[in-house]
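The structure appears right after this line, and notes come after that.
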Amino acid sequence: MKLLQLLPIGDLPAGLLTGLAPAMANTFRIPCEVLSCSLDPAFAFHVERQQYHSSEIIRRIQDHVRPDTWRLLGVTMVDLYIPILTFVFGEAQIGGPCAVVSGHRLRQEFYGLPGDQDLFATRLQKEAVHELGHTLELTHCDDYSCAMAPSHAVEWIDLKESALCRSCAEQALGAPESLVYPFR
Ligand SMILES: [Zn+2]
Ligand SMILES: [Zn+2]
(Lines give C-alpha, C1' and ligand atoms only; values in the text may rest on other atoms or scores of the structure.)
(Ligands and ions follow the chains in the order given, each with its own letter.)
Protein backbone atom coordinates (compact mmCIF):
# COMPACT_ATOMS: atom_id res chain seq x y z
CA MET A 1 0.00 0.00 0.00
CA LYS A 2 1.40 3.36 -1.02
CA LEU A 3 1.52 6.18 1.50
CA LEU A 4 1.46 9.93 1.47
CA GLN A 5 4.38 10.87 3.68
CA LEU A 6 4.99 14.11 5.55
CA LEU A 7 8.60 14.98 6.26
CA PRO A 8 9.38 17.60 8.92
CA ILE A 9 12.03 20.08 7.77
CA GLY A 10 13.59 22.02 10.62
CA ASP A 11 11.68 22.93 13.78
CA LEU A 12 7.90 22.79 13.55
CA PRO A 13 5.20 23.79 16.03
CA ALA A 14 4.11 20.81 18.14
CA GLY A 15 1.28 18.86 16.58
CA LEU A 16 1.50 20.61 13.21
CA LEU A 17 2.01 17.47 11.11
CA THR A 18 -0.21 15.21 13.18
CA GLY A 19 -2.93 17.79 12.57
CA LEU A 20 -2.20 18.02 8.84
CA ALA A 21 -1.96 14.28 8.16
CA PRO A 22 -5.66 13.37 8.61
CA ALA A 23 -6.73 16.27 6.41
CA MET A 24 -4.38 15.14 3.64
CA ALA A 25 -5.47 11.52 4.00
CA ASN A 26 -9.08 12.62 3.69
CA THR A 27 -8.49 14.84 0.68
CA PHE A 28 -6.42 12.37 -1.31
CA ARG A 29 -8.05 9.22 0.07
CA ILE A 30 -4.74 7.60 0.81
CA PRO A 31 -3.10 6.79 4.16
CA CYS A 32 -0.86 9.59 5.36
CA GLU A 33 2.00 9.11 7.78
CA VAL A 34 4.34 11.55 9.48
CA LEU A 35 7.92 10.38 9.03
CA SER A 36 9.90 10.07 12.24
CA CYS A 37 13.06 11.43 10.64
CA SER A 38 13.48 15.11 9.91
CA LEU A 39 15.64 17.17 7.60
CA ASP A 40 17.86 20.06 8.70
CA PRO A 41 17.37 22.73 6.00
CA ALA A 42 20.65 24.55 6.77
CA PHE A 43 22.21 23.34 3.49
CA ALA A 44 19.61 25.32 1.53
CA PHE A 45 20.13 28.62 3.39
CA HIS A 46 21.46 31.46 1.29
CA VAL A 47 22.93 34.22 3.36
CA GLU A 48 22.47 36.93 0.73
CA ARG A 49 18.72 36.24 0.65
CA GLN A 50 18.35 35.16 4.30
CA GLN A 51 16.03 32.51 2.87
CA TYR A 52 16.06 28.85 1.92
CA HIS A 53 16.15 27.72 -1.71
CA SER A 54 13.14 25.46 -2.11
CA SER A 55 14.47 23.67 -5.21
CA GLU A 56 17.52 22.52 -3.25
CA ILE A 57 15.24 21.22 -0.50
CA ILE A 58 13.15 19.33 -3.07
CA ARG A 59 16.26 17.70 -4.47
CA ARG A 60 17.37 16.63 -0.99
CA ILE A 61 14.04 15.23 0.16
CA GLN A 62 14.06 12.86 -2.82
CA ASP A 63 16.52 10.83 -0.72
CA HIS A 64 13.61 10.05 1.62
CA VAL A 65 11.42 8.55 -1.10
CA ARG A 66 10.86 4.85 -0.43
CA PRO A 67 9.22 2.09 -2.44
CA ASP A 68 6.00 2.66 -0.49
CA THR A 69 6.00 6.43 -1.08
CA TRP A 70 3.02 7.71 -3.06
CA ARG A 71 3.93 11.34 -2.56
CA LEU A 72 6.41 12.95 -0.17
CA LEU A 73 5.58 16.39 1.18
CA GLY A 74 8.20 18.29 3.16
CA VAL A 75 6.76 20.77 5.63
CA THR A 76 8.82 23.60 7.04
CA MET A 77 8.51 26.92 8.85
CA VAL A 78 11.56 28.46 7.17
CA ASP A 79 11.12 31.10 4.48
CA LEU A 80 11.42 29.57 1.00
CA TYR A 81 12.41 31.18 -2.29
CA ILE A 82 13.34 30.44 -5.84
CA PRO A 83 15.74 32.86 -7.53
CA ILE A 84 13.17 34.59 -9.76
CA LEU A 85 10.70 35.26 -6.93
CA THR A 86 10.90 37.10 -3.61
CA PHE A 87 9.39 34.07 -1.89
CA VAL A 88 7.32 30.95 -2.48
CA PHE A 89 4.72 29.29 -0.27
CA GLY A 90 5.90 25.98 -1.67
CA GLU A 91 7.27 24.14 -4.66
CA ALA A 92 6.52 20.81 -6.27
CA GLN A 93 7.88 18.40 -8.81
CA ILE A 94 5.27 18.35 -11.56
CA GLY A 95 4.25 14.73 -11.79
CA GLY A 96 5.87 13.96 -8.45
CA PRO A 97 6.81 12.56 -6.19
CA CYS A 98 8.18 15.40 -4.04
CA ALA A 99 6.87 18.74 -2.85
CA VAL A 100 7.60 21.20 -0.08
CA VAL A 101 5.39 23.72 1.66
CA SER A 102 6.29 26.49 4.11
CA GLY A 103 4.19 27.90 6.90
CA HIS A 104 6.49 30.89 7.30
CA ARG A 105 4.29 33.41 5.52
CA LEU A 106 1.01 31.69 6.42
CA ARG A 107 1.09 32.95 10.00
CA GLN A 108 -0.80 36.13 10.84
CA GLU A 109 2.20 37.11 12.98
CA PHE A 110 4.29 37.44 9.83
CA TYR A 111 2.04 40.36 8.80
CA GLY A 112 2.13 41.96 12.25
CA LEU A 113 -1.31 40.63 13.16
CA PRO A 114 -2.38 38.64 16.23
CA GLY A 115 -1.80 34.91 15.88
CA ASP A 116 -4.67 32.69 14.69
CA GLN A 117 -3.86 29.00 14.90
CA ASP A 118 -6.98 27.82 13.10
CA LEU A 119 -6.40 30.19 10.20
CA PHE A 120 -2.77 29.12 10.02
CA ALA A 121 -3.68 25.42 9.99
CA THR A 122 -6.28 26.01 7.28
CA ARG A 123 -3.86 27.95 5.10
CA LEU A 124 -1.23 25.24 5.49
CA GLN A 125 -3.76 22.61 4.50
CA LYS A 126 -4.69 24.55 1.36
CA GLU A 127 -1.09 25.04 0.31
CA ALA A 128 -0.29 21.39 1.01
CA VAL A 129 -3.18 20.30 -1.24
CA HIS A 130 -2.00 22.83 -3.85
CA GLU A 131 1.57 21.54 -3.99
CA LEU A 132 0.46 17.91 -3.93
CA GLY A 133 -1.89 18.80 -6.78
CA HIS A 134 1.13 19.88 -8.81
CA THR A 135 2.77 16.50 -8.09
CA LEU A 136 -0.36 15.02 -9.70
CA GLU A 137 0.38 17.12 -12.81
CA LEU A 138 -2.30 19.69 -12.09
CA THR A 139 -1.59 23.22 -13.29
CA HIS A 140 -3.18 26.38 -11.92
CA CYS A 141 -6.96 26.55 -11.96
CA ASP A 142 -9.16 29.48 -13.01
CA ASP A 143 -11.69 28.65 -10.27
CA TYR A 144 -10.63 31.06 -7.52
CA SER A 145 -12.06 28.76 -4.85
CA CYS A 146 -10.16 25.67 -6.02
CA ALA A 147 -7.06 24.68 -4.08
CA MET A 148 -5.20 24.82 -7.42
CA ALA A 149 -5.95 28.52 -7.90
CA PRO A 150 -2.69 30.48 -7.91
CA SER A 151 -2.05 32.50 -4.77
CA HIS A 152 0.72 35.00 -4.44
CA ALA A 153 -0.56 36.41 -1.15
CA VAL A 154 -2.38 34.98 1.85
CA GLU A 155 -5.49 36.98 0.95
CA TRP A 156 -5.80 34.80 -2.14
CA ILE A 157 -5.23 31.65 -0.12
CA ASP A 158 -8.07 32.69 2.17
CA LEU A 159 -10.43 32.82 -0.83
CA LYS A 160 -9.71 29.20 -1.73
CA GLU A 161 -11.11 25.97 -0.38
CA SER A 162 -8.74 23.28 0.84
CA ALA A 163 -10.33 20.93 -1.71
CA LEU A 164 -9.86 20.52 -5.45
CA CYS A 165 -12.68 21.58 -7.74
CA ARG A 166 -14.37 18.72 -9.53
CA SER A 167 -12.48 19.35 -12.76
CA CYS A 168 -9.09 19.28 -11.02
CA ALA A 169 -10.06 16.27 -8.93
CA GLU A 170 -11.08 14.35 -12.06
CA GLN A 171 -7.93 15.37 -13.90
CA ALA A 172 -5.59 14.65 -10.99
CA LEU A 173 -5.71 10.89 -11.05
CA GLY A 174 -6.59 8.27 -13.59
CA ALA A 175 -8.49 6.69 -10.71
CA PRO A 176 -10.90 9.47 -9.74
CA GLU A 177 -12.44 7.36 -6.97
CA SER A 178 -9.27 7.96 -5.01
CA LEU A 179 -10.08 11.64 -4.66
CA VAL A 180 -12.84 13.33 -2.77
CA TYR A 181 -15.07 15.38 -4.99
CA PRO A 182 -15.92 18.59 -3.25
CA PHE A 183 -19.47 18.96 -4.53
CA ARG A 184 -20.14 22.48 -3.46
ZN1 LIG B 1 0.99 26.48 -7.87
ZN1 LIG C 1 -9.58 23.43 -9.97
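The values are calculated or read from the model by the stated rules, or taken from the named source; none is laboratory data. These figures come from a predicted structure and were not determined experimentally. Cβ atoms come from the backbone with ideal geometry, glycine included; neighbour counts cover every protein chain shown. Remember, those area values only see protein heavy atoms, side chains included, never the ligands or the DNA or RNA. Shrake-Rupley method; radii C 1.70, N 1.55, O 1.52, S 1.80 Å.
Laid out as a table, the results:
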item: Residue 26, sole failed condition from (1) modelled with pLDDT of 95 or more; (2) surrounded by fewer than 22 Cβ atoms within 10 Å (Cβ to Cβ); result: (1)
item: Members of segment 106-131 found to be without any contact (Cβ under 8 Å) to a residue 60 or more places away in the chain, part of a helix (DSSP H, G or I) and either among the hydroxyl-bearing types (Ser, Thr, Tyr) or open to solvent by less than 70 Å² (accessible area, probe 1.4 Å) (or both), listed by number; result: 106, 108, 111, 119, 120, 122, 123, 126, 127, 130, 131
item: Flag if residue 47 is of a type in the set (Val, Ile, Thr) and surrounded by fewer than 14 Cβ atoms within 10 Å (Cβ to Cβ); result: yes
item: Residue selected from segment 91-105 under the condition within 19 Å of residue 32 (Cα to Cα) and not in a loop (DSSP other than H, G, I, E, B), by the criterion nearest to ligand 2 (Cβ to nearest atom); result: 92
item: Qualifying residues in segment 13-56 (those that are of a type in the set (Asp, Glu) and outside any helix (DSSP H, G or I)) - the one farthest from residue 135 (Cα to Cα); result: 48
item: Subset of segment 132-143 (residues that are more than 16 Å from residue 94 (Cβ to Cβ) and either surrounded by 13 or more Cβ atoms within 10 Å (Cβ to Cβ) or among the small types (Gly, Ala, Ser) (or both)); result: 143
item: Selection count, segment 144-153, where residues are open to solvent by 20 Å² or more (accessible area, probe 1.4 Å) and either within 13 Å of ligand 2 (Cβ to nearest atom) or acidic (Asp, Glu) (or both); result: 2
